[in-house]
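S.K.: Starting off with a structure, shown below.
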Amino acid sequence: MGILAKIFTWWNGATIGTSLHTARKGIKVGTDAQGNSYYRAKQKHGDGRERRWVIYNGANDASRVPSEWHGWLHGSFDDVPESHLPPAKIWEADFSPNATGTAGAYRPAGALERGGKRARATGDYEAWSPDA
């Protein structure tokens, strides 16, 4: 099923077309901690800009691109991010995937998924009335 998945799916890694394009026109510049690979075009555009892209290791989810590589992808700096990274801080959290649409998504009090019951108002709220 591996080759069929590459032909018919775009949401899990690179399709065959993307892989062929990358092999022909791309130069690998690095890999992040999650295994995503980053590429740039062998030739620049006529105005001097270069095309940059990522091939995800697993699900194609833009939230999986670390901030330093996001800056590189968008041309904030030209060198690969490893040359721009400050040392890691002790308070920095590890990556956690975007949980929107999953069972692990945040559900506030009163959400239907949590029973639809909210705490009663405390009396400090006064509804707006157009007559007032």
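The values are calculated or read from the model by the stated rules, or taken from the named source; none is laboratory data. Just so you know, these numbers come straight off a predicted model, no measurement behind them. Note that each Cβ is placed from the backbone with ideal geometry, even for glycine, and that neighbours are counted across all protein chains shown.
S.K.: For the stretch 72-95: of the residues being in contact with a helix residue (DSSP H, G or I) (Cβ under 7 Å, 6 or more places away or on another chain) and of a type outside the set (A, V, I, L, M, F, W, C), which is farthest from residue 27 (Cα to Cα)?
M.R.: Within the stretch 72-95, the match that is farthest from residue 27 (Cα to Cα) is 84.
S.K.: Being among the acidic types (Asp, Glu) and buried (at least 16 other Cβ atoms within 10 Å of the Cβ) is the filter here; which residues of the stretch 20-73 pass it?
M.R.: Those that are among the acidic types (Asp, Glu) and buried (at least 16 other Cβ atoms within 10 Å of the Cβ): 32, 68.
S.K.: Looking only at the stretch 7-17, decide whether some residue is modelled with pLDDT of 85 or more and of a type outside the set (D, E, K, R).
M.R.: No, the conditions are met nowhere in the stretch 7-17.
S.K.: Another one. Kindly establish whether residue 49 is in a strand (DSSP E or B) and either out of contact with any helix residue (DSSP H, G or I) (no Cβ under 7 Å at 6 or more places or on another chain) or more than 28 Å from residue 100 (Cβ to Cβ) (or both).
M.R.: Criteria not met by residue 49.
S.K.: Continuing with this model, one more query. I need the full set of residues from the stretch 10-53 which are basic (Lys, Arg) and in contact with a strand residue (DSSP E or B) (Cβ under 8 Å, 6 or more places away or on another chain), in order please.
M.R.: 25, 28, 40, 42, 51, 52
S.K.: Here's another thing I want to ask about it. If I filter the stretch 77-132 down to residues being of a type in the set (Phe, Trp, Tyr) and over 30 Å from residue 67 (Cα atoms), which single residue comes out as farthest from the chain's Cα centre (by Cα)?
M.R.: 128
S.K.: Applying the selection to the stretch 31-72, what residues are over 11 Å from the mean Cα position of the chain (by Cα) and among the hydroxyl-bearing types (Ser, Thr, Tyr)?
M.R.: Residues satisfying the conditions are 31, 37, 38, 39.
S.K.: Moving to a separate point now. Quick test of your reading of the structure: residue 30 fulfils all but one of (1) assigned to a strand (DSSP E or B); (2) in contact with a His (Cβ under 9 Å, 6 or more places away or on another chain). Name the failing condition by number.
M.R.: (2)
S.K.: Please enumerate the residues belonging to the stretch 74-108 that are within 16 Å of residue 33 (Cα to Cα), among the hydrophobic types (A, V, I, L, M, F, W, C), surrounded by 10 or more Cβ atoms within 10 Å (Cβ to Cβ) and modelled with pLDDT of 80 or more.
M.R.: 80
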